[in-house]
Amino acid sequence: MRVEKFEGRKETLKTEYTERDLKAELNFYLSDKFIQDLFLLDEISLEEYRKIRRENIKKFRPILSELLL
């Protein structure tokens, strides 16, 4: 087996976040917690939960949004 060092394109991660980014993250977290509670109380269906969550991801653009979809 031959192992070679990968010299591909390096992508830089955003390491500095603005106050707006952090507020959006917090708002997403709070709204997600709220809809989770609604789902657990059988107030909304799983389909509704997923639809609302996708819309919240689009609206708030949380920092890890690529992982959430």
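For this structure, a couple of remarks:
- Between ILE44 and PHE39, the built amide H atoms are under 5 Å apart, and every one of these is 5 or more places off in sequence or on another chain.
- For the stretch 30-35, putting each phi into the Karplus relation 6.51 cos²θ - 1.76 cosθ + 1.60 with θ = phi - 60° gives couplings of 5, 5, 5, 4, 4, 6 Hz, in residue order, rounded to whole numbers and with x for Gly and Pro.
- Gain on full stretching of the segment that runs from GLU4 to GLU16 - 0.36 nm per residue minus C-alpha separation: 1.1 nm
- Label point distance in nm, SER31-LYS58, each placed 7 Å from Cα along Cα→Cβ: 1.1 nm
Where a number appears in this text, it was derived from the coordinates with a stated rule and is not lab data. Because the structure is a prediction, the values reported are computed rather than measured. Backbone-built Cβ (ideal geometry, glycine too); neighbour counts: all protein chains shown.
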